[in-house]
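Notes follow once the structure below has been shown.
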Amino acid sequence: MRFTALMMAAGVAAGFGAASVAEAQGGFGPPEMTRVEVQENIYTIRNMGAGNATLLVGEEGVVLIDDKFPQDHEDIMRLVREVTDAPLLYVINTHMHPDHVGGNPAMQDVGAHVIASENARRIMAERDQPGLPSITMRDYLRIWLDDMPIDLHYFGAGHTDGDIVVHLPTESVVITGDLFALYGPYRAVIDYSAGGSLRDWTRTLERMLQLDFDTVVPGHSGTTDRQNVEGYIDYLTRTQDMVREMNAQQSSREDIQAMLESEFDWGRLEMAVGLDGVIAEMR
Ligand SMILES: [Zn+2]
């Protein structure tokens, strides 16, 4: 028992470390850090162990959305410098998980201002995460890259309670962070310790779908489309319904765990951060 409890604790602690994120959040990235063009002047920077970074290239400078782990900084900068010498103006943090914000200190060292939601910054400060954002927003913020607007929206809780959706209205692109992280098979990492909520997640994504866009850059996995997000909302809705129904039947924690494994592909990370929270929330 003692050993099991320790393993569980280690699993939670390592839950947002390199190896298990790659495993639990799909492992869809290429083994080498790779730059993939989404459309003109928009790229994703992808690897196996961390969340996607997205690069927006303008004349006057560069904006990066998420910056992976500290050890990824050099590879990210090399791939940025292959396409532009322009200065790094802003890094937008979609949320506070270390596989998305770990590069903040190094990015601030090269002059970038880091932007996050108020909630994400508050959680980062509580956890003594390095590289705190210097600009925060509550519901909405527009920044400009040359004449291209970059809209930041906070639509509510989901994966955490600090997730920002980045919308490029003139480009018909959204960058979702881990509000929509992966597909085939879908999974749901609901980080209740950071304010995540399965109940709110569907509504948060419905609000995102009201934006005008065709192309979706997920938090992990490759570029996809609106229909895939609709499929994910359906997955989350079915998860809500099943847990609520089993709660009503007074099913055991073990039975709900087994159902989430078999019906919804929940793995170790999903269980560690979400199982007790989802049972309590769906009562
Ligand atoms: Zn995350």
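A few remarks follow.
- Residue 142 outside any helix (DSSP H, G or I) and of a type in the set (Lys, Arg): yes
- Residue match in the stretch 119-131 (condition: in a strand (DSSP E or B) and touching a His at 6+ places or on another chain (Cβ under 8 Å)): no
- Within the stretch 226-267, the set of residues being under 18 Å from the mean Cα position of the chain (by Cα) and touching a residue at least 60 places away in the same chain (Cβ under 8 Å) comprises 266, 267.
- Counted residues, the stretch 162-199 - those being part of a loop (DSSP other than H, G, I, E, B), among the β-branched types (Val, Ile, Thr) and within 14 Å of the ligand (Cβ to nearest atom): 4
- Within the stretch 196-212, tally of residues that are within 13 Å of residue 165 (Cα to Cα) and surrounded by fewer than 20 Cβ atoms within 10 Å (Cβ to Cβ): 6
- Residues of the stretch 43-60 that turn out to be over 16 Å from the mean Cα position of the chain (by Cα) and within 15 Å of residue 168 (Cβ to Cβ), as a count: 4
- Taking the stretch 214-227 as the range and being in contact with a helix residue (DSSP H, G or I) (Cβ under 8 Å, 6 or more places away or on another chain) and surrounded by fewer than 17 Cβ atoms within 10 Å (Cβ to Cβ) as the test, the residues that pass are 214, 226.
- Criterion (among the small types (Gly, Ala, Ser) and under 24 Å from residue 137 (Cβ atoms)) met by exactly one of 49, 102: 102
- Residue that is within 29 Å of residue 195 (Cβ to Cβ), surrounded by 13 or more Cβ atoms within 10 Å (Cβ to Cβ) and away from the ligand (no atom under 16 Å from the Cβ), where the choices are 115, 92: 115
- Conditions (1) in a strand (DSSP E or B); (2) within 16 Å of the ligand (Cβ to nearest atom): number failed by residue 159: (1)
- Selected residue (only one of 66, 85 is over 27 Å from residue 155 (Cβ atoms) and at pLDDT 95 or above): 85
- Looking only at the stretch 228-283, and only at residues there that are assigned to a helix (DSSP H, G or I), among the acidic types (Asp, Glu) and touching a Lys or Arg at 6+ places or on another chain (Cβ under 7 Å), the one that is surrounded by the most Cβ atoms within 10 Å (Cβ to Cβ): 270
- Residue pairs meeting the criteria (Cβ under 8 Å; at least 6 apart or on separate chains; first free of Cβ contacts under 8 Å to residues at least 60 places away in the same chain and over 12 Å from residue 120 (Cα atoms), in the stretch 83-100; second within 16 Å of the ligand (Cβ to nearest atom) and of a type in the set (Asp, Glu)): 91/66; 91/67
- Cβ-Cβ distances below 9 Å connect the following pairs, each with a first residue in the stretch 138-166 that is crowded, with 18+ Cβ neighbours inside 10 Å, a second residue that is in a strand (DSSP E or B) and of a type in the set (Gly, Ala, Ser), and a separation of six or more residues or different chains: 152/117; 154/117; 161/117; 162/116; 162/117; 163/117; 164/116; 164/117.
The values are calculated or read from the model by the stated rules, or taken from the named source; none is laboratory data. If you're wondering where the values come from, they're calculated on a predicted model, not measured in any experiment. With ideal geometry, Cβ positions are generated from the backbone for all residues, glycine too; neighbour counts draw on all protein chains shown.
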